[in-house]
Amino acid sequence: MADPAPVLILLGGAGDLSMRMLLPSLLHLEADGLLPEGLRIIAVGRAEGDAKSYRRDVAARLKEKDELAEAWKALSARLDYAAVDAATPDGAKALKERIGEASLTVFYYALSPSLFAPVTQALSDVGLIGETTRLVLEKPIGRDLETSRQINAVIADAANERQVFRIDHYLGKETVQNLIALRFANALFEPLWNNLAIDHVQITVAETQEVGERWRYYDDYGAIRDMLQNHMLQLLCLVAMEPPSDLEPDAVRNEKVKVLRSLRRFTAEAAREDSVRGQYTAGTVEGQPAESYEAEVGRPSGTETFVALIAWIDNWRWKGVPFYLRTGKRLPARRTEIVIQFKAVPHSIFGPFGDRDIQANRLVIELQPHEDISLTIMNKRPGLNGEHMRLQPLPLSLSLAKALGEEGGRRRIAYERLLLDVIRGDPTLFVRRDEVEEAWRFVDGVADAWAEAGVEPKPYAAGSPGPAGVSGLIERSKRQWHD
Ligand code: BG6
């Protein structure tokens, strides 16, 4: 008899994440021949349905291009649907029967975090979590340190840490991994990567989209828990960590956790001075009228859809270097980037014009909408500039698309890489339990400080660059946002 095949179980298989990200990723992996032979995919949901109706729904959502028609045929043959409530004993039992024999069972929790513990408990009680099981948990794990610990404890009772894959899809983005290559495969940057040469760091995740249909989840979390606790702190860790000894999963994660432990705790004074919360009101985004957040939610809300704050890393390398973080929904343009702002030259030899022209070097790592890395370098302006040499900054630019052309390949969905890593069992790009908990410790500190200082979200019109006070946050130190 042939060996049993691996099975991927999408818990929340009819939900937004599965439809928008996971199934398109699986389709591309199928097209590239990267899915393991015989892999079965069972989508699980509470709604009525069967394999046939599910495949129809997925096909309608995927709207696949002609060149993916063959891949869709192959993928849909793998797809099954189980209409069960996996958080109940009966549901878990029914699921167990449906799964049958499997060489590897991957449970992907595309669910609300409030279901992580009950589902794990139910799966574990019916004996569905064994040596060859892997659990994939979407962020956010919990809503704060306390709830994330509760979830992690239930998970730890059911499975070993090596079986748990906590996803932060930012770690699957090509440019995020490129940041590791940039820092550690080039001798150029490391001697400058510290408080002697770097003035400050900016991390921006600006989105044009609204919260929309996700408001039920979002209204309880807000920007700080939805984006900052995970994606933004992960980017900060990769910028700030010490060189790991190798790329082994724990070598990298040990360094990231040290950064999180060095984050200075927020105080009420920091909440007032060093952070800004905002919530969008009606406005215009990309030429289209946009509703307010409260209109989407249908009632008054105190949840922030924008946050900007100054984080400090209290260690030798980063002493005195502020990390400016900002993220928001309904901003004028979609842009995700990390800016490493170097210090100015200590003395200008170029006279009054040069003094005015000269700008400190800046390394910009753009993740979205383009994948680009560029370093601004001061140059002489061409031509006869009169008595004084005139200067201008020009970018040394590495556009992945341009530099690699065809070889750079199609831009992959971050989940493609991560799904493959789970199936292969490589946890390097996944977040370890202690990392999640340290990140919550920082975020809880900010939330507590906001509560203590009475910092409420300030309104900003959809399509504007954020609430009043965002520019001041950085300009008071004679610095500027990179916009
Ligand atoms: C998700 C957040 O984790 O990331 C969303 O829950 C956000 O609110 C999304 O829109 C952003 O991801 P990306 O890859 O589009 O930057």
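A few notes on this one:
- Couplings for segment 476-483, taken from phi via the Karplus curve 6.51 cos²θ - 1.76 cosθ + 1.60 with θ = phi - 60°, read 5, 9, 6, 10, 9, 5, 8, 10 Hz in order; Gly and Pro are left as x.
- Residues of segment 1-45 with amide N under 14 Å of the 7 Å Cα→Cβ point at Ala74: 26-40
- Estimated from helices alone, the mean residue ellipticity of the chain at 222 nm is -10000 deg cm²/dmol (sum of -39500 (n - 2.57) over DSSP H runs with n ≥ 4, per residue).
- Efficiency of FRET from Cβ geometry, Ser53 and Thr284, R₀ 51 Å, rounded to 0.05: 0.80
- Extension gain, Glu269 to Arg61: 0.36 nm times the residue separation minus the Cα-Cα distance gives 70.1 nm.
- When the trypsin sites (Lys or Arg not before Pro) in segment 25-95 are filtered for DSSP coil states and for at most 11 other beta-carbon atoms within 10 Å of their beta-carbon, the remaining sites are Lys63, Lys65.
- Inter-site label distance for Arg183 and Ala156 at 7 Å from Cα along Cβ, in nm: 2.6
- Cβ-placed point charges (K, R +1; D, E -1), dipole of segment 161-250 about Cα centre in debye, nearest 20: 40
- Each Lys and Arg contributes +1 and each Asp and Glu -1, all at the Cβ; summed about the Cα centre of segment 20-142, the dipole is approximately 280 debye.
- Magnitude of the charge dipole for the chain, about its Cα centre and with charges confined to Cβ atoms of Lys, Arg (+1) and Asp, Glu (-1), is about 940 debye.
- Extension gain, Asp426 to Asp3, is 150.0 nm, computed as 0.36 nm per intervening residue step minus the present C-alpha separation.
- If you sort the three axes of the alpha carbon gyration tensor as a ≥ b ≥ c, you get a/c of 1.5 or more for segment 335-398 and a/b above b/c, which makes it prolate.
- With R₀ fixed at 41 Å, the C-beta to C-beta distance from Glu387 to Lys343 puts the FRET efficiency at about 0.90.
- Dividing the mean sequence gap of close Cα pairs (under 8 Å, 6+ apart) by how many residues segment 7-138 holds gives a relative contact order of 31 percent.
- Of all segments of the chain bounded by GluC sites (Glu not before Pro) found in a DSSP loop with no more than 13 other C-beta atoms within 10 Å, the longest spans 132-285.
- Furthest towards positive pole of dipole, Leu35, Ala77, Ala60, structure part segment 7-138, Cβ charges: Ala60
- Segment 186-192 - phi-based ³J(HN,Hα) in whole Hz, Karplus 6.51/-1.76/1.60, Gly and Pro as x: 10, 6, 4, 8, 4, x, 9
- For the chain, with all protein chains in place and a probe radius of 1.4 Å, 51% of the accessible heavy-atom surface sits on carbon or sulfur.
- Whether segment 442-483 is rounded, prolate or oblate, judged on the alpha carbon gyration tensor where a/c under 1.5 counts as rounded: oblate
- Sparsely packed chymotrypsin sites (Phe, Trp or Tyr not before Pro) within segment 292-370, loop by DSSP, other Cβ within 10 Å at most 15: Trp316
- Rel. contact order, % - alpha carbon contacts under 8 angstrom, at least six apart, the chain: 18
- Under 5 Å from the amide H of Thr336 lie the amide H atoms of Ala206, Leu367, Gln368, each residue being 5 or more positions distant or on a separate chain, with H modelled from the backbone and absent for Pro and chain starts.
- Sparse-neighbourhood loop sites, trypsin sites (Lys or Arg not before Pro) in segment 316-364 - DSSP loop, at most 13 other Cβ within 10 angstrom: Lys319, Arg334
- Whole-Hz ³J(HN,Hα) from phi, Karplus 6.51 cos²θ - 1.76 cosθ + 1.60, for segment 355-367, glycine and proline x: 4, 6, 6, 5, 10, 5, 4, 9, 9, 10, 10, 9, 9
- Largest first and in whole Å, the equivalent-ellipsoid semi-axes of the chain read 42, 26, 23, each the square root of five times a Cα gyration tensor eigenvalue.
- Comparing Cα centroids, segment 342-369 and segment 28-66 end up 51 angstrom apart.
- Segment 284-310 and segment 224-271: distance between their alpha carbon centers, rounded to Å: 28
The values are calculated or read from the model by the stated rules, or taken from the named source; none is laboratory data. A quick note: this is a predicted structure, and the numbers were derived from the prediction, not measured. Note that each Cβ is placed from the backbone with ideal geometry, even for glycine, and that neighbours are counted across all protein chains shown. With ligands, DNA and RNA removed, areas are computed over all heavy atoms of the protein, side chains included. Shrake-Rupley method; radii C 1.70, N 1.55, O 1.52, S 1.80 Å.
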